[in-house]
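*Asks:* What follows is a single structure, and I will ask about it in a moment.
The values are calculated or read from the model by the stated rules, or taken from the named source; none is laboratory data. Just so it is clear, the structure is predicted and the values come from calculations on it, not from any experiment. For neighbour counting, all protein chains shown are included, and Cβ atoms are generated from backbone atoms with ideal geometry for every residue, glycine included.
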Amino acid sequence: MKMSPVEKASRFVVQEHHAKNIHWDFRLEMNGVLKSWAVPKQIPKEAGVKRLAIQTGDHELSYLDFEGDIPEGMYGAGKVIIRDRGTYNLIESDERKILLALQGKNLNGKYCLIRFEKGGSDSWLLFKVGE
């Protein structure tokens, strides 16, 4: 997932997802899709609080505005509520680290995603690093 910093802000959304287990979907607009992570606990608002984030498949950009119920029998069945949205600027990125600055209604400041070396390539650590 090699990305280079961009000059213009891209969009993000955080959705509370009442699927089999309640979690928060953290989605970043990148390269024409939404890169997505399922976060079992809420996205941290304070620096130093770390959360597990499991990378999921890319989603279409239309998911930026999705709120409602996914019917039983469909992938991700359950209620989806948008909890935050806004823009972000990519500061740096490589295969193991994504550093970005969020400007949302609730989440603001620098956030970092770091891929775990163990536990599978879809396991990341998400945390706020500052304002």
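*Asks:* Identify, by number, the condition in (1) in contact (Cβ under 8 Å) with a residue 60 or more places away in the chain; (2) within 12 Å of Phe12 (Cβ to Cβ); (3) part of a strand (DSSP E or B); (4) not β-branched (Val, Ile, Thr) that Asn106 doesn't meet.
*Replies:* Condition (3) is where Asn106 drops out.
*Asks:* Okay, next question. Could you identify the single residue in Lys41, Lys79 that is outside any loop (DSSP other than H, G, I, E, B) and either closer than 14 Å to Val14 by Cα or among the β-branched types (Val, Ile, Thr) (or both)? Reasoning before the result, please.
*Replies:* Working: Lys41 fails: outside any loop (DSSP other than H, G, I, E, B).
Only one candidate qualifies: Lys79.
*Asks:* For the range 82-90, check the following and say yes or no: at least one residue is at pLDDT 95 or above, assigned to a strand (DSSP E or B), under 19 Å from Ile114 (Cα atoms) and hydroxyl-bearing (Ser, Thr, Tyr).
*Replies:* yes
*Asks:* For Lys35, indicate whether it is closer than 20 Å to Ser10 by Cα and in contact with a Pro (Cβ under 9 Å, 6 or more places away or on another chain).
*Replies:* Values: closer than 20 Å to Ser10 by Cα: yes; in contact with a Pro (Cβ under 9 Å, 6 or more places away or on another chain): no.
For Lys35, the condition - closer than 20 Å to Ser10 by Cα and in contact with a Pro (Cβ under 9 Å, 6 or more places away or on another chain) - is not met.
*Asks:* Scan the range 46-65 and tell me whether some residue there is under 11 Å from Phe12 (Cβ atoms), modelled with pLDDT of 95 or more, assigned to a strand (DSSP E or B) and touching a Lys or Arg at 6+ places or on another chain (Cβ under 8 Å).
*Replies:* no
*Asks:* Among the residues of the range 110-128, which ones are modelled with pLDDT under 95 and over 16 Å from Lys35 (Cβ atoms)?
*Replies:* The answer is Phe116, Glu117, Lys118, Gly119, Gly120.
*Asks:* Let me confirm something: among Lys97, Lys45, which residue is among the basic types (Lys, Arg), within 14 Å of Leu126 (Cβ to Cβ) and free of Cβ contacts under 8 Å to residues at least 24 places away in the same chain? Before the answer, list the steps.
*Replies:* On the way: Lys45 fails: free of Cβ contacts under 8 Å to residues at least 24 places away in the same chain.
Exactly one residue qualifies, and that residue is Lys97.
Yes/no per residue for (1) under 23 Å from Ala19 (Cβ atoms); (2) crowded, with 18+ Cβ neighbours inside 10 Å; (3) touching a strand residue (DSSP E or B) at 6+ places or on another chain (Cβ under 7 Å):
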site: Ala38; (1), (2), (3): yes, yes, yes
site: Pro44; (1), (2), (3): yes, no, yes
site: Arg51; (1), (2), (3): yes, yes, yes
site: Gln55; (1), (2), (3): yes, yes, yes
site: Asp94; (1), (2), (3): no, no, no
site: Lys97; (1), (2), (3): no, no, yes
site: Glu117; (1), (2), (3): no, no, no
